[in-house]
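One structure below.
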Amino acid sequence: MSLNLKVYDNGDHTCLVWLPADEKSIPNCRGFAIKRTSKSEITYLHGAVGFSDDDKCDPANPCSFPVQRYLWWDHSVKPGDTVQYSVIPVVGPNQAKLILDAKNASPITPPMTITGQSTPHLSAYFNKGIVLLCYKT
């Protein structure tokens, strides 16, 4: 059993969606580590939530702060970047004994270049601006 992973690009970020290939639960799964390869450098995307308020994310430990859902957005990519991903289950009896379950990982995705170009004549671009509306009462 492995994970089926799909990656979508909108020119601003990527969206990763995955599910177990056999659609069955993964025993002792506590979340997922997302391995990203870009420019021959391997990094891990971490979830934003630990197991308790006192947890500290360790960027060097891929089991630290596993993503606890079946989708994630990579907002750190930039137009022109070429990326590949693999999603790996993080398993263990408790949060102190977590390991990567490499045998159930998704295959690495083909290289994807981040671009807003959808077809030769159609492209979309987004910004990360914030619009603040103020109303006077």
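Each value in this text was obtained by applying a stated rule to the coordinates, not by laboratory testing. The structure presented is a predicted model; accordingly, all values stated were derived computationally and were not measured. Quick reminder, even Gly has a Cβ in these numbers, built from the backbone with ideal geometry, and neighbours come from all protein chains shown.
Ignoring aspartates and glutamates fewer than eight residues from residue 6 along the same chain, the ones with Cα atoms less than 17 angstrom from its Cα are 22, 23, 74. Model label sites at residue 68 and residue 28, defined 7 Å from Cα along the beta-carbon direction, differ in position by 1.9 nm. Once both labels are positioned 7 Å from their Cα atoms along Cα-to-Cβ, the gap between residue 103 and residue 49 label points is 3.0 nm. Karplus-derived 3J(HN,Hα) values for the range 48-58, using 6.51 cos²θ - 1.76 cosθ + 1.60 with θ = phi - 60°, are 8, 10, x, 8, 8, 5, 8, 5, 10, 6, 10 Hz; glycine and proline are entered as x. A cut-off of 5 Å between modelled amide H atoms, ignoring neighbours fewer than 5 places along the same chain, links residue 2 with 21, 22.
Most tightly packed first, judged by the mean number of other beta-carbon atoms within 10 Å of their residues, the peptides 21-34, 110-123 read 21-34, 110-123.
Each residue of the range 103-113 was assigned a 3J(HN,Hα) from its phi angle through the Karplus expression (A = 6.51, B = -1.76, C = 1.60, θ = phi - 60°), giving 5, 9, 6, 6, x, 5, 6, x, x, 10, 8 Hz with x at Gly and Pro.
Residue-wise HN-Hα couplings along the range 85-98, as the Karplus relation 6.51 cos²θ - 1.76 cosθ + 1.60 with θ = phi - 60° gives them from phi, are 9, 9, 10, 10, x, 9, 10, x, x, 7, 5, 7, 10, 9 Hz; Gly and Pro carry x.
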